[in-house]
Amino acid sequence: MEQEKTLVILKPDAVQRGFISKILGRFEEKGIKIVALKMLFVEKDRAHKHYADHKEKPFFSGLVDFITSGPVCVIALEGEDVIEVTRNMVGATDPKKAQPGTIRHDFGMHIGRNLIHASDSPESAKKELDIFFKKEEIVEWEHNQYTWVYE
Ligand code: IDP
Ligand code: MG
């Protein structure tokens, strides 16, 4: 069974609106393993590193202001195809276009307040996990329901 890891960030709007447990609960209910989690303020430097690909975009400075505006929760998830599965659960970037049942659809109204980040590829997952977690902060543990989650 090929396991991979991905990075999720519950953005300041998700924290302020009291959705930490609801959103984390969705991943737990799905059968995804949480292997690291913590709360922190993202410093400007780290925000720039994390969103480096968007440096030239018109929304970049607003995005950096937003992600640094309050505490976030950073979470490492593990599972089979977990990068793709998580992106599907998160939904389209614009909550107005996200499918019902996705996190962004169900909790969001605006593209600039879309609650959650999730890595979009194995390369970005590795880069982003390295930005937010030291190797020893990732907890390798045995999920005792795996026999009932995966064939
Ligand atoms: P993603 O988060 O779905 O991967 P990206 O295109 O990588 O979407 O954009 C990163 C983040 O930048 C989005 O999650 C959103 O917070 C913000 N963003 C993207 N496009 C816009 C926009 O048009 N206006 C405001 N914020 C935007
Ligand atoms: Mg992205």
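Key figures
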item: Calculated over region 6-108: convex hull of Cα atoms, volume per residue (Å³); result: 106
item: Simple label model, 7 Å out from Cα along Cβ direction - M109 to K127, nm; result: 3.3
item: Rg over Rh, two decimals, region 48-93 (C-alpha only, Kirkwood Rh); result: 1.04
item: Fully extended contour minus Cα-Cα distance, from E80 to K97, at 0.36 nm per residue; result: 3.5 nm
item: Within a Gaussian network of the chain (alpha carbon springs, distance under 10 Å), most fluctuating of R17, R46, R113; result: R17
item: Amide H partners (placed H, <5 Å) of V35, local residues excluded; result: A76, L77, E78
item: Gyration tensor (alpha-carbon) shape descriptor, region 96-151, a/c threshold 1.5; result: oblate
item: Fully extended contour minus Cα-Cα distance, from K49 to K134, at 0.36 nm per residue; result: 29.0 nm
item: Most mobile listed residue (V82, V139, V42) in the chain, GNM with C-alpha springs under 10 Å; result: V139
item: Region 86-151, relative contact order [Cα under 8 Å, separation at least 6], %; result: 21
item: Order by protection proxy (mean Cβ within 10 Å, highest first), peptides 84-90, 47-53, 8-14; result: 8-14, 84-90, 47-53
item: Estimated dipole of the chain in Debye, rounded to 20 [Cβ of Lys and Arg +1, of Asp and Glu -1, Cα centre]; result: 760
item: Estimated FRET transfer efficiency (S61, T147; beta-carbon r; R0 35 Å; 0.05); result: 0.15
item: Given charges at Cβ of Lys, Arg, Asp, Glu: the chain dipole, positive-most of N114, V82, A92; result: N114
item: Candidates E56, E137, E123, ranked by Gaussian network fluctuation over the chain, Cα under 10 Å, top entry; result: E56
item: Whole-number percent relative contact order across the chain, with pairs defined as alpha carbons under 8 Å at least 6 apart; result: 35
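Where a number appears in this text, it was derived from the coordinates with a stated rule and is not lab data. Worth saying up front: this structure is predicted, and the values here are computed from it rather than measured. Glycine gets a Cβ as well: all are built from the backbone with ideal geometry, and neighbour counts include every protein chain shown.
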